[in-house]
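Computed from the coordinates by the stated procedures, all read-outs in this text should not be read as laboratory data. For clarity, every value in this text was computed on a predicted model and none was experimentally measured. Every residue, glycine among them, receives a Cβ derived from its backbone with ideal geometry; neighbour counts consider all protein chains shown.
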Amino acid sequence: MTIEVYTDGACLGNPGPGGWAWAVLGGAFGSGADPATTNQRMEVQAALEAVKALADADEPIEIVSDSTYVVNCFNDQWWKGWLAKGWMNSQRKPVANRDLWEPLILMVRARGDITFRWVKGHSGDPGNDLVDRLAVEAAERQEGRAGDRPPTSLGPADAPTPGRRSSGAVASVDAPAEVVGELWPDGVPPAEAGVAPTRLVVLGATPQVLGVPRDAGQDHERLDEVRDLLADHFAERGTTDDALVVLTGLRLGAEMAAAEAALEVGLPFVAVLPYPEPAAVWASEPRQRFDDLLAAAESTVVLDEARAVGREEALASLARRDAWLVASADVAVLVGDPAHPDLAVLHALLAAHLPDDALVVLLPAAIETS
């Protein structure tokens, strides 16, 4: 019989005081705190502490987490690339949160019977709700607790209030009225602990521009390269900016890679969609990938109330979304050749809106050599 253990992390600000928790339904549990940490560190530490606590168990273990950062590291085998590069990324910079990842990966590999399953947060799952409450309690009190049976006295679940992870707290954006107009939604990029975030917008190459076959979806080595380039760039920026938040539209290609890269290095990201359910017409694999990333977003912005009907409406909606993203950017990354017909307008808009040092162009080797 497999031991099913739920894990979760919480942070009152990002960075800020945090808490982690794990629990076996109807069984043992543990929680702990850190006075200065991040959301993603607490998610990883929760899984690490669960594996430590169950180290002597004879049965297989399944970690159930609402963190794609944790689950995808193992299910998508991110860790293999990290080990192959000696815990350095492609630019020879250290992998974020190695001090937590290394012992967790070591123990998972040593046991050989630990699996990971993602669960949507705040979806009514009793195990996820339990560890959510325990993690928030530990973050707020800055102390943990443990026992053989889950406690009956718990505070409220992590709520959409300012300062907590997935907060949804608002930050004003001085975007031109003619660009944003009445489209500005209620849920806008979050401010962590009262500090307005630096909005890093990622736009750029689609799979077609990168020469990726249509049936590959997002699963292709050229898109893996784009994700790695973006992860390196995010990690470098994150060393000097503690309030960085990535804005991405989650289109196939550079935008979806941006969300995956943000998760990889522990940055929050906001999904900005042109209209509801833009992935509804995609193939099943990329659509599931889209849904998983959307669930992991810090918040979601949907600009048009109704889905586009037909190609012309969809293109017009995408153009409005691009203008919204450009107008919202404090800094931006354009992935691909700015001279490419599909990217030239985007590059011109970004260059007109941002100073030279706020716009970075990343050129994957796949483009340079094609």
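Quick notes on this one:
- Model label points for A36 and A358, set 7 angstrom from Cα along the Cα-to-Cβ axis, are 2.9 nm apart.
- Under 5 Å between amide hydrogens, built in the peptide plane, is the criterion, and for E62 it picks out I3, E4, V5, T115 among residues at least 5 positions away or on other chains.
- With K and R counted +1 and D and E -1, the other residues having a Cβ less than 11 Å from that of A259 yield a net charge of -2.
- Convex hull of alpha carbon positions in the chain: directionally averaged projected area 18.6 nm².
- Averaged over residues, the count of other Cβ atoms within 10 Å places the peptides 302-310, 26-34 in the sequence 26-34, 302-310, highest first.
- 3J(HN,Hα) from dihedral phi, segment 134-147, Karplus parametrisation 6.51/-1.76/1.60, rounded to Hz, x for glycine, proline: 5, 5, 5, 4, 5, 5, 6, 8, 6, 7, x, 7, 8, x
- If R0 is taken as 35 Å, the Cβ-Cβ distance between K85 and S153 corresponds to a FRET efficiency of 0.15.
- In this structure the amide hydrogen of Q142, modeled in the peptide plane, comes within under 5 Å of no amide hydrogen from residues 5 or more places off or on another chain.
- The sum of -39500 (n - 2.57) across all DSSP H runs of n ≥ 4, divided by the residue count of the chain, sets its helix-only mean residue ellipticity at 222 nm to -11500 deg cm²/dmol.
- Three-way shape call for segment 3-147 based on the alpha-carbon gyration tensor, with the a/c threshold at 1.5: oblate
- The modelled label-to-label distance between E221 and R307, using points 7 Å beyond Cα along the C-beta direction, is 3.6 nm.
- The stretch between N75 and D58 holds 3.9 nm of extra length on full extension. This uses 0.36 nm per residue minus the Cα-Cα distance.
- Degrees separating the helix 39-53 axis from the principal Cα axis of the chain, which is the longest one: 30
- Anisotropy class of segment 219-370 from Cα gyration tensor, a/c 1.5 cut: rounded
- Packing-based order for 45-52, 348-355, using average beta carbon neighbours within 10 Å, highest first: 45-52, 348-355
- Burial ranking of peptide ranges 258-268, 102-112, 331-341 (average Cβ count within 10 Å, highest at the top): 258-268, 331-341, 102-112
- Shape category assigned to segment 226-297 from the gyration tensor of Cα positions, a/c cut at 1.5: prolate
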